[in-house]
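**Q** Let me give you the structure first, and then I'll get to my questions.
The values are calculated or read from the model by the stated rules, or taken from the named source; none is laboratory data. The model shown is predicted, which means the values in this text are computed figures rather than measured ones. FYI the Cβ positions are ideal-geometry reconstructions off the backbone, even for glycines, and counts take in every protein chain you see.
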Amino acid sequence: MAGDGRQKVEMPAATVSPFVLALGIVLIFAGPVLSWAMTATGIVLLIVGISGWVGQLTSPEGQIEEPVVAGPKPIEGIAGRVEALRPGMPGYRARLPEKMHPYSAGLKGGLVGGVLMPIPALIFGLIAYRSIWFPVNLLAGVVLPQLVDETLSATEQVAYLSAFHPGLFIGAVLIHAVISASLGLMYGVMLPTLPGRPIIWGGIVLPLLWTGFSYGFMGVLNPILHDHVDWPSFVVAQFVFGITAAIVVARTEQIPA
């Protein structure tokens with residue numbers, strides 16, 4: 001390519017749209033088994049993936065120009081040690097992303113988001129059941145499918161979930177801390193690799209995906225708790241976590257990978 005006199009060559013810009021499109025297809029087919037809400041989420045992702053991919057390819061921003069460089073010189077075999085490739089040498093492949101947020105930034109973002117995230121759920125518990133322990137016990141029920149006796153009436157189930165249970169409280173705190181820290185670490189690793197603004201991915205796209213998965217899998221793992229969850233406040237809590245964690249991570253200085 002260097003022999004035709006061109007100094008630059010036009011290439012398609014990197015895009016995450018194919019990944020979004022593929023994820024949407026997976027959710028569409030998983031929905032009939034798990035939850036129709038997952039199918040709806042998949043349809044939205046399918047539309048976003050196709051429109052984003054086509055829109056980028058048909059816009060000037062969807063094309064980038066890469067400099068044309070001469071190929072490496074023929075290598076002659078020399079007895080001795082092999083010299084390692086370094087940045088700037090012909091044949092060296094950059095490690096992508098070249099810069100990333102430190103793991104401590106993701107951990108900090110997840111924990112800060114985890115502190116603010118329960119506020120909408122606790123407010124819902126106070127308003128609907130006059131108890132902050134209702135959402136706490138529901139969280140513990142994620143890993144305790146037999147938390148509520150199926151033989152109890154709906155009123156008795158609500159009364160049980162509205163009461164304070166020390167064991168369930170400790171379990172809920174541990175579950176929440178582990179999930180928040182894990183999602184925060186994921187934010188720290190993923191956000192630098194995604195195009196566009198991190199706040200869009202971390203504050204909107206990822207919380208929607210997490211909500212869709214939670215809605216589908218909770219209906220399979222624990223149908224009783226699925227019926228007691230207030231999904232509007234659940235969605236708000238996910239957005240609170242996502243926006244908070246994304247802001248904390250994005251404001252942290254990146255370091256070379």
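**Q** When residues of the stretch 148-198 are filtered for being in a loop (DSSP other than H, G, I, E, B), at pLDDT 80 or above and buried (at least 16 other Cβ atoms within 10 Å of the Cβ), how many remain?
**A** Of the residues in the stretch 148-198, 1 are in a loop (DSSP other than H, G, I, E, B), at pLDDT 80 or above and buried (at least 16 other Cβ atoms within 10 Å of the Cβ).
**Q** Inspect all residues belonging to the stretch 129-147 and state whether any of them is at pLDDT below 75 and more than 27 Å from the chain's Cα centre (by Cα).
**A** Checked the stretch 129-147: at least one residue is at pLDDT below 75 and more than 27 Å from the chain's Cα centre (by Cα).
**Q** Okay, moving on. Please determine whether any residue of the stretch 59-79 is at pLDDT 80 or above and either within 24 Å of Phe217 (Cα to Cα) or surrounded by 10 or more Cβ atoms within 10 Å (Cβ to Cβ) (or both). Break it down stepwise before answering.
**A** Restricting attention to the stretch 59-79, the residues satisfying the condition of being at pLDDT 80 or above are 59.
Going one step further and asking which of them are either within 24 Å of Phe217 (Cα to Cα) or surrounded by 10 or more Cβ atoms within 10 Å (Cβ to Cβ) (or both), we end up with 59.
Checking the stretch 59-79: at least one residue is at pLDDT 80 or above and either within 24 Å of Phe217 (Cα to Cα) or surrounded by 10 or more Cβ atoms within 10 Å (Cβ to Cβ) (or both).
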